[in-house]
Amino acid sequence: MPEPSSRTRRVVQTLSRAHDIGQLIRVRCINCNITHHYLPGDLLKLMGDIPFWDVERHMRCERCKRREFDVDILLPSAVQG
């Protein structure tokens, strides 16, 4: 039987995990620099439980109509609220 791997598995940050932790998803259009912040629970209802970096495949910019986004995950602090 093979030995267990000593490498740690990378935890995939999905929308449901981001929702449970209380994070936000920031989506910024690379072309026109428009930025929106979304609750992961709202995106979860629309797109399913996908990794947060796959959100861009399901969106289109309202201004330039392109699908080129920079997607980040944020944990807002009390100062930002």
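The values are calculated or read from the model by the stated rules, or taken from the named source; none is laboratory data. A quick note: this is a predicted structure, and the numbers were derived from the prediction, not measured. Methodologically, a virtual Cβ is constructed for each residue, glycine included, from the backbone with ideal geometry; neighbour enumeration extends over all protein chains shown.
Of all residues being free of Cβ contacts under 8 Å to residues at least 60 places away in the same chain and outside any helix (DSSP H, G or I) in the range 7-22, which is nearest to P76 (Cα to Cα)? Just the residue, please.
Of the range 7-22, the ones free of Cβ contacts under 8 Å to residues at least 60 places away in the same chain are 7-12, 14-22.
If we keep only those that are outside any helix (DSSP H, G or I) too, we end up with 7-12, 14, 22.
Details: R7: 31, T8: 27, R9: 26, R10: 23, V11: 21, V12: 20, T14: 17, G22: 8 Å.
The extreme case among them is G22.
Kindly indicate whether any position in the range 43-52 is in a loop (DSSP other than H, G, I, E, B) and charged (D, E, K, R).
Checked the range 43-52: at least one residue is in a loop (DSSP other than H, G, I, E, B) and charged (D, E, K, R).
Just one of (1) modelled with pLDDT of 95 or more; (2) touching a strand residue (DSSP E or B) at 6+ places or on another chain (Cβ under 7 Å); (3) part of a helix (DSSP H, G or I) trips up D70, so point out which.
Failed condition: (3).
Please go through the range 23-40 and pick out each residue that is within 11 Å of the chain's Cα centre (by Cα) and outside any strand (DSSP E or B).
Q23, L39, P40
Suppose we filter the range 54-64 for residues that are closer than 23 Å to D20 by Cα and either outside any helix (DSSP H, G or I) or touching a residue at least 24 places away in the same chain (Cβ under 8 Å) (or both); how many remain? Give the derivation first.
Initial filter on the range 54-64 (closer than 23 Å to D20 by Cα): 54-59.
Now narrow it down to the ones that are either outside any helix (DSSP H, G or I) or touching a residue at least 24 places away in the same chain (Cβ under 8 Å) (or both): 55-56, 59.
Number of matching residues: 3.
Taking the range 26-52, which residues are surrounded by fewer than 16 Cβ atoms within 10 Å (Cβ to Cβ), touching a helix residue (DSSP H, G or I) at 6+ places or on another chain (Cβ under 9 Å) and closer than 14 Å to I73 by Cβ?
If the condition is that a residue be surrounded by fewer than 16 Cβ atoms within 10 Å (Cβ to Cβ), touching a helix residue (DSSP H, G or I) at 6+ places or on another chain (Cβ under 9 Å) and closer than 14 Å to I73 by Cβ, then L39, G41, P51 are the ones that fit.
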